Amino acid sequence: MKYFLISLLLFAFSSCSVAQQRYSSKNKKAIKLFEAGKAEPGLSIDYTTNGPNFRGGIALMDKALEKDPNFWEAHMIAGEFAEMLKDYPSAIDHYKAALAINPKHSSTGSTYFYLANLQQAMGDYESAIKNLDLFENHKMANPELLMEAQGIRASCSFAANALNNPLDFNPINIGPGINTKDPEYFPTITVDGKTILFTRRIEDGRVEGPIKEQEDFFVSTLGDNHIWSKAISMPSNVNTVNNEGAPTIGADGRTLVFVGCPDVTGEFYGENRTGKGSCDLFITKKLGANWTTPVNLPGAVNSFHWETQPSLSSDGKTMYFIRGIRGRNSTNDSDIYFTKKDANGNWGPAVRLPDHINTPEQEESVLIHPDGRTLYFASRGHIGMGGSDLFVTRMDENGNWSKPQNLGYPINTKFDENSLMVSPEGEIAFFASDRDGGYGDLDIYYFLMPENLRPTRTLYFEGIVFDAETRKPVPGKFQLIDLKTGKEIIYSEADNLSGEFMVSLPLNRDYALNVTYPGYSFFSQNFNMNNPEGLEAIHMDVPLVPINSDRPILLANVFFDLGKSSLRNESFVELNKLVEFLNENNTLTIEIGGHTDSRGTNNLALSQSRAEAVYNYLVSKGIDSKRLTSKGYGSSAPVYSDEYIKKLSTEREIENAHQSNRRTEYKIIKK
């Protein structure tokens, strides 16, 4: 809850002020017990919490009240101590009792404010609003608390309305492959939705100290029967005797960023690991079947403060995370930041999200969806049900985030909600809960996300990059570019050993895909995701043609209007890539080839004009005309012959074949 820590100040004030005034009680034994109880938290330790002995103080206040039931000061201190223990029902009872004995005991009416705050935390929104009315009408009400009361009132009104308009919510336990008697939480998933990685708190006798528990990562895969396999532990170079938690896995399942914390000394982060203070972010990568030894995240993100809850964008170039500020004079605050990765793999300085996202209270978790534009997060500072609620905000075309939207009841409740994960297609969301009916402690559940809260549906493109001549794997580099804006949406790399790749494809865009690697001509493909027609995924292997080959290379993102030879604007993304390729390989001479299908007339002249249009564009971008030739082939060199096309059964297949024949290519004629 937002304001209960103010009780520390109230305790200090009460201890001071009460000592300087006459008590309401005249019973000397009650006063003696009261003063002993007031001092008890500072004199002894509560070994169940390892903190001040508030329980002992409450016990002495109860004895004082036995001597004098109208001793309202004892009720107030007992209520504050109960609040510190998060025993809100007891605190509410004591505050109510103090007000019943003497409604005017506070010169500012602040007891009504603190009572309302507790009632909000307990979900008693109507009572909270009534006590806020009493507080706000008090002539001497504290101006700062009046401002805070407005926020509590807004949240109570929102919550009361949300309770009357619940969302359809039916959480389902993800099953025994993942959930056990131990706590499982912080799930993260690959873009194909087939691999889930999560944190499990386990018993471990190696842990120093009285509590022999620590956090490790486990991985489960989705079987053909749609049942998650029995989770297995990550390797020992990732999981250590220290805590590893809050993981985020790259879209392709080959990059893992997580939180690593030191041991009780505050210095040892695990074998071969170094930290910069408190909890830091670490990174490991999967090469073939093996994970590299994690290292402190390169760059400028980790600091003396604590960094946690990382969330990688699907292209692996942007990461959102939570930074908590620690220091002698700091408030108990944590905010959402993001960082960008440079070409050398270093992460730049952290940038705080704007104030309409971050609040003066705590933001506690963050998730960037694979669509790259939908951000889910937990916050204690926005209007909500009380405690920590889940929210969503969306980035517009100009990079601005929308006003956060509360996910509503019963996704959010009076309790703390945190660490939501939303599947790539956006229909399913995952979270951790210790609700009844589970396998033990916290379990991972999933539910159907309401449509208005879903992100942009995201598919994926997977396969293997290989040498077109030798068939050996190649670690190609991927660029996915929005043809409308020319902006790079996704950057990724194939596996260094296997050539395997997985790239996310958010819907409602037209993409140019380019795959490059030194010593090869670049590969291009077009993905029009404005109308995917029920697609779930795209599997396509990528053959990279060596520069020393004379094979023609398709320019899949060069476009002309029907029957015309003027380049459409969407073509410039691809042609600029060709300019870059020719500049990097400045000894090459290429032929631009134009091709048509067999339909229509004057195909040869049209193909020649289109090849010349590409030729002229390259020259306009500074490519020496001596390195270029152009030739129109008409319909003489089809990908699919007319005889083959006649055998096709559907109009869609026939049109796709003709479209493949209408193309622009280049081939290297001099090296």
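The values are calculated or read from the model by the stated rules, or taken from the named source; none is laboratory data. As the structure is a computational prediction, the values presented were derived from the model and not from experiment. Note: ideal-geometry Cβ built from the backbone for every residue, glycine included; neighbour counts use all protein chains shown. Remember, those area values only see protein heavy atoms, side chains included, never the ligands or the DNA or RNA. Shrake-Rupley method; radii C 1.70, N 1.55, O 1.52, S 1.80 Å.
The lysines whose alpha-carbon is closer than 27 Å to the alpha-carbon of K230, local same-chain residues fewer than 8 away aside, are K181, K194, K212, K285, K286. With viscosity 1.567 mPa s and temperature 4 °C, the Kirkwood radius over alpha carbon pairs of segment 269-397 converts through Stokes-Einstein to a diffusion coefficient of 82 µm²/s. The ellipsoid that matches the Cα gyration tensor of segment 57-192 has semi-axes, each √(5λ) in whole angstrom, of 37, 23, 12, with the longest given first. Is the shape of segment 515-593 rounded, prolate or oblate, going by the alpha carbon gyration tensor and its root eigenvalues a ≥ b ≥ c, with a/c under 1.5 for rounded and a/b larger than b/c for prolate? Cα axes put segment 515-593 in the oblate bin.
In a shell of Cβ-Cβ distance under 12 Å around P410, excluding P410 itself, what net charge do Lys and Arg (+1) and Asp and Glu (-1) give?
Summing Lys and Arg as +1 and Asp and Glu as -1 gives -1.
Once all protein chains are placed together, Y460 keeps about 20 Å² accessible to a 1.4 angstrom probe.
Cα centroids of segment 82-119 and segment 617-643: 82 Å apart.
With respect to the chain, whose longest principal axis is taken over its alpha-carbon atoms, helix 110-121 is tilted by about 50°. The coefficient of translational diffusion for segment 533-639, derived via Stokes-Einstein from the alpha carbon Kirkwood radius under 20 °C and 1.002 mPa s, stands at 141 µm²/s. Summarising the strand pairing of the chain, around 90 percent of its internal DSSP beta bridges are antiparallel. Take L567: with every protein chain present and a 1.4 Å probe, its accessible area is about 40 Å². If you take the alpha carbon atoms of segment 469-549 and fit the smallest convex hull around them, that volume is 98 Å³ per residue. Estimated from the Cβ-Cβ distance and a Förster radius of 25 angstrom, the FRET efficiency linking N272 and T221 is about 0.35.
When the C-alpha to C-alpha distance is required to be over 28 Å, the pairs from K477/K621; K577/K671; K104/K414 that qualify are K104/K414.
With respect to the chain, whose longest principal axis is taken over its alpha-carbon atoms, helix 651-661 is tilted by about 70°. What's the long-distance tail for segment 209-342, i.e. % of Cα pairs beyond 25 Å? The share of Cα pairs beyond 25 Å in segment 209-342 comes to 30 percent. A helix-only calculation puts the chain at -8000 deg cm²/dmol for mean residue ellipticity at 222 nm, using -39500 (n - 2.57) for each DSSP H run of at least four residues, averaged over all residues.
Distance between the pseudo-spin-label points of N170 and V619 (7 Å out from Cα toward the beta carbon): 6.7 nm.
Using only Cα atoms, what Kirkwood radius does segment 216-284 have, in angstroms? Let's see the in-between values first.
Working: mean 1/r = 0.0753 Å⁻¹.
With all distinct Cα pairs of segment 216-284 included, I get 13.3 Å.
The alpha carbon centroids of segment 346-364 and segment 37-76 are separated by 40 Å. The spread of Cα positions in segment 166-220, taken along each principal axis and listed from longest to shortest, comes to 44, 30, 18 Å.
Both radii are taken from the alpha-carbon atoms of segment 92-160; with Rh as the Kirkwood radius, Rg/Rh is 0.95. What the pair-distance distribution of segment 49-88 shows, using all Cα-Cα distances binned every 10 Å from zero, is 34, 52, 14, 1 percent. Projecting the alpha carbon convex hull of segment 447-600 along each direction and taking the average yields 12.0 nm². Calculated on the alpha-carbon coordinates, the convex hull of segment 119-259 measures out at 206 cubic angstrom per residue.
When the convex hull of its Cα atoms is viewed from all sides, segment 402-537 shows a mean projected area of 12.4 nm². For segment 298-388, the solvent-accessible area with a 1.4 angstrom probe is 38 square angstrom per residue. With all projection directions averaged, the alpha carbon convex hull of segment 346-483 covers 12.9 nm².
Charge tally around V619: other residues with Cβ under 12 Å, Lys/Arg +1 each, Asp/Glu -1 each, net +1. Percent of alpha carbon pairs in segment 51-114 separated by more than 17 Å? Tail fraction, whole percent: 34. How far, in degrees from 0 to 90, does helix 72-84 lean away from the longest principal axis of the Cα atoms of the chain, to the nearest 10? With rounding to tens, the tilt is 30 degrees.
P(r) tail, segment 549-610: Cα-Cα pairs separated by more than 19 Å, 39% of all pairs.
Taken along its three principal axes, the alpha carbon spread of the chain comes to 110, 53, 48 Å, from the longest extent down to the shortest.
Please give me the summed charge of the neighbours of F321: other residues whose Cβ is under 12 Å from its Cβ, Lys and Arg +1, Asp and Glu -1. Result for the neighbourhood of F321: -3.
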